[in-house]
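*Asks:* Okay, handing you the structure first.
The values are calculated or read from the model by the stated rules, or taken from the named source; none is laboratory data. Model, not experiment: these values are computed from the prediction. Here the Cβ positions follow ideal geometry from the backbone for every residue, glycine too, while neighbour counts run over all protein chains shown.
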Amino acid sequence: MDSVEYLDLLLKALLLAGVYAAMAVGMTVIYGVMKIVNLAHAGFLMMGAYFALELFQRFHVDPILGAIIALPVFFLFGMAVHWLLVRWLPKSDTPTLASLLLMFGFWLVLQNIAYLVWGNEDQSILTPLTLSSVQIGQISIPKVNLVVFAAAVFCMVVLQIVFHRSWFGRSMRALIQNPYAAQIVGVDDQKTARLTFGLGTAFAGFAGGLLGMLFSFSPDFGRPFLLRSFVIIVLGGLESVSGVALGAILLAILETFGINIALPVYWHGWSFHYLPPSYQQVIPFALLVVVLLILPKGLSSLFSRKWKAA
Amino acid sequence: MRGTLAFFGQTIRHTSILALALGGIVTLCNGTGRAVVADDTIKIGVVLPTTGSESKPGAYQKEGIELAIKQINDGGGIMVKSKGKKLKIEEVFYDDATDSKKSASLTERAMSSDGVVAVLGGYSTALGTAESVMADRYKTPWITTGAGATAIFGKGYQYAFGTLSPVALIGTTSAEFLGSLMDQGKLKKGLKVAMVVENTDHGTDYVNGFNEWADKHKGYFEVVMNEKFELGATDFSGILQKVKNSHADIFLSDAHLPDYITMHRQYLQNGLHHQMVSYGARGPEANARQALGAGTDYIFAGIWWSNKLPYPQAKKFAADYKAFTGHDVDSWYAAPAYDGMRIVAQAIEAAGSLDKNAIRDALKKAQLKESVLPGQVLKFAANGQAEYPFVITQNKPDNKVDIVYPKDAATGEPVAPAPAK
């Protein structure tokens, strides 16, 4: 491979990281504050994609605008889900079986509602942007991936601002650091948890709308993203927004370069081998194991505390 | 407030218990109903994915089977000599949700508990492979209508049959088609081929079939890349970069529908172009064309059936299917399922009883004349798998599709090389 091909791969990895970050950030904020591994995240992503599709088909709303409209709608939806279901869960500093089962069950409910409403057909959103790309020399960059990347960066920046500049953000950080001390000093944990769940759901709906422009989707949509989201937030340190960005970049680079660069292997002497593309999906699993063994607090633990959003 | 919520919680609990009890009663009633009618019907198990990633093809296959059942039942049913009367078919359907473990256990359930005389189903090689082991275990004829990998039929099973021609033949026919274009001077000989196939027996068979033809016909192709990808992958940018770096002239993939759509979307977004592009048996599906628009033009596919086939019975099937389902038969999936049910019905009639061994023996000898599939006759080889020719279709602009190979079935001329956009 020449330098242009390396640059091409690097750009593709960064754009893929944008997709990964957009889909993982909502899961991170919910885990950070509430210690809930939100298995229904895949369902929220799927609903976000259908939401953008409905707006696009019925009212000819551009899917990017549809994803933006999904933010407030899914924020309210998330708060309603919290009020109806999540708030009854027993409080805990660690993820509980009850929360896993509840969110898994809710994901199945969302899936089946989607099957009832939209059927089992694969759906797609086709706009002039979908298949167009920007050509820079020999490098072709899909426009829609650029949009998703920009949206992911926007999400991160907004979250960082919310975390550091608002009362709500301070409440969230306090609950992440020490939920008992936070309540003693007057943080309303129920209200903050409700808003956080709404925020996490809003970002999931937003990401779903954007992912609907990249992939075809059915009610089963979101399942492959769930594992990656989980790997990313473990990489990022489970409670860190900047860690999510780092985790997404690392995973995307490893997945993209892993199958395109020959790796040195010692077997009766040194030789170089490519990782077969069929093993690409092994990378997130392997990464998860390695990070849990070596850096259980995630990548962000390598950096100073000021890097941490919470 | 707490009191209201406690009342709300209790009401939910009581309602749930009531619902479970009602569900149990309904299930029991169903079981009782089945037992009562068992002697007057022939039970056929159908295990297909109507949810999950293969739900679309699975639903088409289910429709094909149900159309055949309706037509047979409308004609009074199947004459069973040992009963001295015609019996109607009763379908016992299970959705495996595109889950191979579920697929195997539901097939087992149909064979062991539901009293079926045969099971149809197993769409996709992965699910079909999982189901196939049950046939000999329960000595029940099993006819896969959607798994064409040769591995299933190479294990010496005595009760397994398949209505799809071997997948390897798609690779062979694709190579033969491209070779014919080279012979006609539409493509140059010695073109570089990049192959990216799914990591299943289906993908392996496709590559083997292509290579078999290429090895026998030296000088036509130079295979410069041969890689596999996992089913249901979300990102193909890495592997497509490899395709780009291979500087191939022809891009051949073998993928299922969701992967075809995702991969080709990324193929187009990355600005790739090849003289000829194929995704194996996928190409003309309406979903893909809706998802990618003109981006799917000129893709060619080796398929088991096309609604363009000129046979009168194929045209009648297409019309009946539309009347039955309310939508066009726009892909190949329904036809092998339709004929699968018809050949089972013919075998039951020939067996003259509902004895599973007799039905199996009759299936081995069965020949479905006026089959809607290419070649017009459906029969099983010694290993249980059907073998009939494939047709090559090519997508044309404005959502048109033509059969372009073999020549005697062609409805249009192949466009080669595919024009750059």
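*Asks:* Just name the residue that is farthest from the other protein chains (Cβ to nearest Cβ) out of those in region A:216-225 that are surrounded by fewer than 24 Cβ atoms within 10 Å (Cβ to Cβ) and under 26 Å from residue B:241 (Cβ atoms).
*Replies:* Among residues in region A:216-225 that are surrounded by fewer than 24 Cβ atoms within 10 Å (Cβ to Cβ) and under 26 Å from residue B:241 (Cβ atoms), the one farthest from the other protein chains (Cβ to nearest Cβ) is A:223.
*Asks:* When you scan region B:243-258, do you find a residue that is in a helix (DSSP H, G or I), within 13 Å of chain A (Cβ to nearest Cβ), under 21 Å from residue B:166 (Cα atoms) and touching a Ser or Thr at 6+ places or on another chain (Cβ under 9 Å), even just one?
*Replies:* Initially, region B:243-258 is screened for residues in a helix (DSSP H, G or I), giving B:243-246, B:257-258.
Applying the additional criterion that residues be within 13 Å of chain A (Cβ to nearest Cβ) yields B:243-246, B:257-258.
When the remaining residues are screened for being under 21 Å from residue B:166 (Cα atoms), the result is B:257.
Now drop any that are not touching a Ser or Thr at 6+ places or on another chain (Cβ under 9 Å), which leaves B:257.
Among the residues of region B:243-258, at least one is in a helix (DSSP H, G or I), within 13 Å of chain A (Cβ to nearest Cβ), under 21 Å from residue B:166 (Cα atoms) and touching a Ser or Thr at 6+ places or on another chain (Cβ under 9 Å), which makes the answer yes.
*Asks:* So residue B:198 clears everything in (1) more than 21 Å from residue B:127 (Cβ to Cβ); (2) within 14 Å of chain A (Cβ to nearest Cβ); (3) touching a helix residue (DSSP H, G or I) at 6+ places or on another chain (Cβ under 8 Å) except one condition, right? Which one?
*Replies:* (1)
*Asks:* Now for a separate question. Could you say whether any residue in region A:149-168 is within 14 Å of chain B (Cβ to nearest Cβ), in contact (Cβ under 8 Å) with a residue 12 or more places away in the chain and within 20 Å of the chain's Cα centre (by Cα)? Talk me through it step by step, then tell me what you get.
*Replies:* Taking region A:149-168 and keeping what is within 14 Å of chain B (Cβ to nearest Cβ), we get A:149.
Subset that is in contact (Cβ under 8 Å) with a residue 12 or more places away in the chain: A:149.
Filter once more, keeping what is within 20 Å of the chain's Cα centre (by Cα): A:149.
Within region A:149-168, one or more residues are within 14 Å of chain B (Cβ to nearest Cβ), in contact (Cβ under 8 Å) with a residue 12 or more places away in the chain and within 20 Å of the chain's Cα centre (by Cα).
*Asks:* Okay, next question. From A:112, A:145, which residue is within 19 Å of the chain's Cα centre (by Cα), within 11 Å of chain B (Cβ to nearest Cβ) and part of a helix (DSSP H, G or I)? Show your work before the answer.
*Replies:* On the way: A:112 fails: within 19 Å of the chain's Cα centre (by Cα).
None of the other options fit; the residue is A:145.
*Asks:* Next question. Out of all the residues in region A:230-271, which are polar (S, T, N, Q) and within 12 Å of chain B (Cβ to nearest Cβ)? Steps first, answer last, please.
*Replies:* As a first pass, look at region A:230-271 and keep what is polar (S, T, N, Q): A:240, A:242, A:256, A:260, A:271.
Matches in region A:230-271: A:256, A:260.
*Asks:* Output yes when any residue across region B:321-334 is modelled with pLDDT of 95 or more, within 22 Å of residue B:261 (Cβ to Cβ) and buried (at least 24 other Cβ atoms within 10 Å of the Cβ), and no when none is.
*Replies:* The answer is yes; a qualifying residue exists.
*Asks:* Moving to a separate point now. Can you say whether residue A:288 is within 12 Å of chain B (Cβ to nearest Cβ) and touching a helix residue (DSSP H, G or I) at 6+ places or on another chain (Cβ under 8 Å), as far as the supplied structure shows? Spell out how you get there, then give the answer.
*Replies:* On the way: within 12 Å of chain B (Cβ to nearest Cβ): no; touching a helix residue (DSSP H, G or I) at 6+ places or on another chain (Cβ under 8 Å): yes.
Criteria not met by residue A:288.
*Asks:* Does region B:70-85 contain any residue that is without any contact (Cβ under 8 Å) to a residue 12 or more places away in the chain, within 22 Å of residue B:256 (Cβ to Cβ) and not β-branched (Val, Ile, Thr)?
*Replies:* Among the residues of region B:70-85, not one is without any contact (Cβ under 8 Å) to a residue 12 or more places away in the chain, within 22 Å of residue B:256 (Cβ to Cβ) and not β-branched (Val, Ile, Thr), which makes the answer no.
*Asks:* Okay, moving on. Which of the residues that make up region B:201-242 are among the basic types (Lys, Arg) and within 9 Å of another protein chain (Cβ to nearest Cβ)?
*Replies:* From region B:201-242, those among the basic types (Lys, Arg) are B:216, B:218, B:228, B:242; that's our starting set.
Residues satisfying the conditions are B:228, B:242.
*Asks:* Taking the criterion of being surrounded by 22 or more Cβ atoms within 10 Å (Cβ to Cβ), of a type in the set (Gly, Ala, Ser), within 14 Å of another protein chain (Cβ to nearest Cβ) and in a loop (DSSP other than H, G, I, E, B), would at least one residue in region B:95-107 satisfy it?
*Replies:* No, the conditions are met nowhere in region B:95-107.
*Asks:* State yes or no: is residue A:187 touching a Ser or Thr at 6+ places or on another chain (Cβ under 7 Å) and either outside any helix (DSSP H, G or I) or on the phi > 0 side of the Ramachandran plot (or both)? Let's see the steps before the verdict.
*Replies:* On the way: touching a Ser or Thr at 6+ places or on another chain (Cβ under 7 Å): yes; either outside any helix (DSSP H, G or I) or on the phi > 0 side of the Ramachandran plot (or both): yes.
Yes; evaluated as a whole, the condition is true for this residue.
*Asks:* Limited to region B:346-400, what total is found for residues that are part of a strand (DSSP E or B) and of a type outside the set (Ser, Thr, Tyr)?
*Replies:* Here is the first cut: in region B:346-400, the ones part of a strand (DSSP E or B) are B:367-369, B:377-380, B:385-386, B:391-396, B:400.
With of a type outside the set (Ser, Thr, Tyr) added as a condition, the list becomes B:367-369, B:377-380, B:385-386, B:391-392, B:394-396, B:400.
Within region B:346-400, residues that are part of a strand (DSSP E or B) and of a type outside the set (Ser, Thr, Tyr) number 15.
*Asks:* Select from region A:50-107 the residues that are out of contact with any Leu (no Cβ under 6 Å at 6 or more places or on another chain), within 22 Å of residue A:37 (Cβ to Cβ) and small (Gly, Ala, Ser) and list them in ascending order.
*Replies:* If the condition is that a residue be out of contact with any Leu (no Cβ under 6 Å at 6 or more places or on another chain), within 22 Å of residue A:37 (Cβ to Cβ) and small (Gly, Ala, Ser), then A:78, A:80, A:92, A:105 are the ones that fit.
*Asks:* Checking the structure you have, find out if any residue of region B:125-139 is assigned to a strand (DSSP E or B), surrounded by 24 or more Cβ atoms within 10 Å (Cβ to Cβ), in contact with a Gly (Cβ under 6 Å, 6 or more places away or on another chain) and touching a residue at least 24 places away in the same chain (Cβ under 8 Å).
*Replies:* Of the residues in region B:125-139, the ones assigned to a strand (DSSP E or B) are none.
No; the residues of region B:125-139 include none that is assigned to a strand (DSSP E or B), surrounded by 24 or more Cβ atoms within 10 Å (Cβ to Cβ), in contact with a Gly (Cβ under 6 Å, 6 or more places away or on another chain) and touching a residue at least 24 places away in the same chain (Cβ under 8 Å).
*Asks:* Criterion first (facing chain A (nearest Cβ under 8 Å) and more than 18 Å from residue A:131 (Cα to Cα)) does residue B:261 satisfy it? Before the answer, list the steps.
*Replies:* On the way: facing chain A (nearest Cβ under 8 Å): yes; more than 18 Å from residue A:131 (Cα to Cα): no.
When the stated conditions are applied, residue B:261 does not pass them.
*Asks:* Right, here's the next one. Return yes when residue B:302 is in a loop (DSSP other than H, G, I, E, B) and more than 12 Å from chain A (Cβ to nearest Cβ) and no when it is not. Walk me through it before giving the result.
*Replies:* Working: in a loop (DSSP other than H, G, I, E, B): no; more than 12 Å from chain A (Cβ to nearest Cβ): yes.
For residue B:302, the condition - in a loop (DSSP other than H, G, I, E, B) and more than 12 Å from chain A (Cβ to nearest Cβ) - is not met.
*Asks:* So which residues in region A:161-185 are of a type in the set (Phe, Trp, Tyr) and within 14 Å of residue A:92 (Cα to Cα)? Please lay out each step first, then the result.
*Replies:* Step one: list which residues in region A:161-185 are of a type in the set (Phe, Trp, Tyr), which gives A:163, A:167-168, A:180.
A:180 - this is the single residue of region A:161-185 that is of a type in the set (Phe, Trp, Tyr) and within 14 Å of residue A:92 (Cα to Cα).
*Asks:* Here's something else I'd like to know. From B:92, B:46, grab the single residue that is surrounded by 22 or more Cβ atoms within 10 Å (Cβ to Cβ), away from chain A (no Cβ under 14 Å), in a strand (DSSP E or B) and touching a Gly at 6+ places or on another chain (Cβ under 6 Å).
*Replies:* Values: B:92 fails: surrounded by 22 or more Cβ atoms within 10 Å (Cβ to Cβ).
Result of the check over B:92, B:46: B:46.
*Asks:* So, one more: Test residue A:98 against the stated conditions and say whether it is buried (at least 20 other Cβ atoms within 10 Å of the Cβ) and at pLDDT 85 or above. Walk me through it before giving the result.
*Replies:* On the way: buried (at least 20 other Cβ atoms within 10 Å of the Cβ): no; at pLDDT 85 or above: yes.
No.
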